[in-house]
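The values are calculated or read from the model by the stated rules, or taken from the named source; none is laboratory data. Treat the numbers as computed from the prediction; the structure is a model and nothing was measured. In this analysis, Cβ positions are derived from the backbone assuming ideal geometry, glycine residues included, and neighbour counts consider all displayed protein chains. The protein model used for the area step is the full one, side chains on, heavy atoms only, and it has no ligands, DNA or RNA in it. Shrake-Rupley method; radii C 1.70, N 1.55, O 1.52, S 1.80 Å.
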Amino acid sequence: NAGVTQTPKFQVLKTGQSMTLQCAQDMNHNSMYWYRQDPGMGLRLIYYSASEGTTDKGEVPNGYNVSRLNKREFSLRLESAAPSQTSVYFCASRDRGSNQPQHFGDGTRLSIL
Amino acid sequence: LAKTTQPISMDSYEGQEVNITCSHNNIATNDYITWYQQFPSQGPRFIIQGYKTKVTNEVASLFIPADRKSSTLSLPRVSLSDTAVYYCLVGDTGFQKLVFGTGTRLLVSP
């Protein structure tokens, strides 16, 4: 029952460093998502992938890139990390269908100094 | 995307029923209403989803009036472990873009 797995769980970066957050799901879901959650706030959508081979911007895409490597994996890259990107990052996946809920991983806690 | 409004926080005691209401005045015809629960240091977890009237599962009930401009999540006989943040979301049939608000922080005390 792995569900959605995110790696790493914690990471500290220096300003300007690059980093790729990994996400994999074993539920054969079509859609995958990346969110960020700042302290005391709700989740904000960064990018999503409706299906393998497609990606689209969400609410806060600036400073990030994504890759839908295959149906299972969806990675999030910070090319030049900034302190404003300190946050908890959540990956989610969702099955095809009009009312299927999203399934979330447990997050990556990222601190940028 | 329909915006939702929820109370910022609620307090309750073990064994009580808790009702959290969400307003979504601009809900579209094809939108479903979904509730998620989030514990500290964890990702959100799906609780319940509905389109109209009443939906019940093993953990909660969801009441949706005929105009669908609001919905109420009902948690029967809460326990300490129900302390969490609860999010109400509305989304289209594709559900490709969900907007999470700040949620309702429920604190259950002994």
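May I ask you to derive the FRET efficiency for B:Arg77 and A:Thr20 from their Cβ-Cβ distance with R0 = 45 Å, giving the value to the nearest 0.05? Working from the Cβ atoms, E equals 0.50. Of the residues A:Gln100, A:Gln37, A:Gln11, the one that moves most in a GNM of chain A with alpha-carbon contacts below 10 Å is A:Gln100. Per-residue 3J(HN,Hα) values for region A:67-75, derived from phi via the Karplus relation 6.51 cos²θ - 1.76 cosθ + 1.60 with θ = phi - 60°, read 9, 9, 5, 6, 5, 7, 10, 9, 9 Hz in sequence order (x marks Gly and Pro).
To the nearest 20 Debye, how big is the dipole of region A:31-113 about its Cα centre, given +1 on the beta carbon of each Lys and Arg and -1 on that of each Asp and Glu? Here region A:31-113 has a charge dipole of around 100 debye.
Just so you know, the Cα atoms of region A:1-110 work out to an Rg and Dmax of 13.1, 42 Å.
Once you have the Kirkwood Rh of the protein assembly as shown from its Cα pairs, apply Stokes-Einstein at 25 °C and 0.890 mPa s and quote D in µm²/s.
Once the numbers are plugged in, D ends up at 136 µm²/s.
Whole-Hz Karplus values for region A:101-108 come out as x, 8, 10, 9, x, 8, x, 10 Hz, taken residue by residue from phi with 6.51 cos²θ - 1.76 cosθ + 1.60 and θ = phi - 60°; glycine and proline positions read x. Legend: translational diffusion of chain B by Stokes-Einstein, Rh = Kirkwood radius over C-alpha pairs, 25 °C, 0.890 mPa s; D = 176 µm²/s. What the Cβ-Cβ distance of A:Asn99 and A:Glu79 gives, at R0 = 30 Å and to the nearest 0.05, is a FRET efficiency of 0.25. Taking every Cα-Cα distance in region A:33-83 and sorting them into 5 Å bins starting at zero, the pair-distance distribution P(r) comes out as 5, 20, 29, 24, 15, 6, 2 percent. Sequentially through region B:7-13, phi angles give Karplus couplings (6.51, -1.76, 1.60; θ = phi - 60°) of x, 5, 8, 8, 10, 8, 10 Hz, Gly and Pro residues having no value and appearing as x.
Against the globular-protein guess of 2.2 N^0.38 Å, express the Cα radius of gyration of region A:46-113 as a ratio, rounded to two decimals.
1.18
Remark: C-alpha extents of region A:1-66 on the principal axes read 35, 26, 26 Å, sorted largest to smallest. The length gained by stretching the chain between B:Ile8 and B:Thr102 to full extension, at 0.36 nm per residue less their Cα-Cα distance, is 33.1 nm. Measuring only protein heavy atoms, the 1.4 Å probe finds A:Ser31 accessible over about 0 Å². Averaged over the residues of A:32-45, the number of partner chain Cβ atoms lying within 10 Å of the residue Cβ comes to 4. When A:Arg109, B:Arg68 are compared by accessible area of protein heavy atoms, the largest-first order is A:Arg109, B:Arg68, using a 1.4 Å probe.
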